[in-house]
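Notes follow the structure.
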Amino acid sequence: MYNEKVMEIFKSPKNVGEMENPSAVGSVGNASCGDIMKIFLRIENNIIVDASFLTFGCAAAIVTSSTATEMIKGLSIEDALKITNKQVIDALEGLPAQKIHCSVLAEEAIKSAIDDYKSKL
């Protein structure tokens with residue numbers, strides 16, 4: 001069902017855990033599948049200097065969270081907002097069709113966190 005890259009990340013996800021004193025927090029969930037994703041960002045001078053996540057859900061939800069947080073580190077908030085679920089899927093070398101919604105959650109969680117950051121400015 002999952003490719004080798006997805007399984008590798010699932011066995012050893014990066015950026016897991018709640019961040020102390022984040023600049024922003026984004027939280028999204030999918031009621032139909034039960035996945036809940038929370039992304040924490042540390043932002044300095046509009047650059048995402050650190051990102052972490054807490055995800056309750058399936059392997060694909062955890063893997064897309066890990067991948068998305070890796071993808072946005074070092075990006076400006078403007079560039080991070082351009083990250084799409086397709087880019088997350090491409091970085092993972094694919095996801096099963098029934099797990100595409102997890103990549104959408106990752107995209108939405110990033111946007112939610114950046115919206116939280118902007119609301120504090």
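The values are calculated or read from the model by the stated rules, or taken from the named source; none is laboratory data. From a predicted model like this one, the values you see are computed outputs, not experimental measurements. Using ideal geometry, Cβ is built from the backbone for each residue, glycine included, and neighbour counts are taken over all protein chains shown. We work out accessible area using only protein heavy atoms, side chains counted, and drop any ligands, DNA or RNA first. Shrake-Rupley method; radii C 1.70, N 1.55, O 1.52, S 1.80 Å.
Tabulated results
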quantity: Of residues in segment 32-54 being open to solvent by 10 Å² or more (accessible area, probe 1.4 Å) and modelled with pLDDT under 95, the one farthest from the chain's Cα centre (by Cα); calculated: S32
quantity: Scan of segment 64-98 for residues that are open to solvent by 40 Å² or more (accessible area, probe 1.4 Å) and either under 19 Å from K14 (Cβ atoms) or without any contact (Cβ under 8 Å) to a residue 12 or more places away in the chain (or both), ordered by number; calculated: E70, M71, K73, G74, L75, D79, K82, Q87, D90, E93, A97, Q98
quantity: Count - residues of segment 99-116 that are hydroxyl-bearing (S, T, Y) and open to solvent by 30 Å² or more (accessible area, probe 1.4 Å); calculated: 1
quantity: Filtered residues of segment 40-89 (kept if within 26 Å of L121 (Cβ to Cβ) and among the hydroxyl-bearing types (S, T, Y)); calculated: S52, S65, T69, S76, T84
quantity: Boolean, K5 is among the basic types (K, R), part of a helix (DSSP H, G or I) and at pLDDT below 95; calculated: no
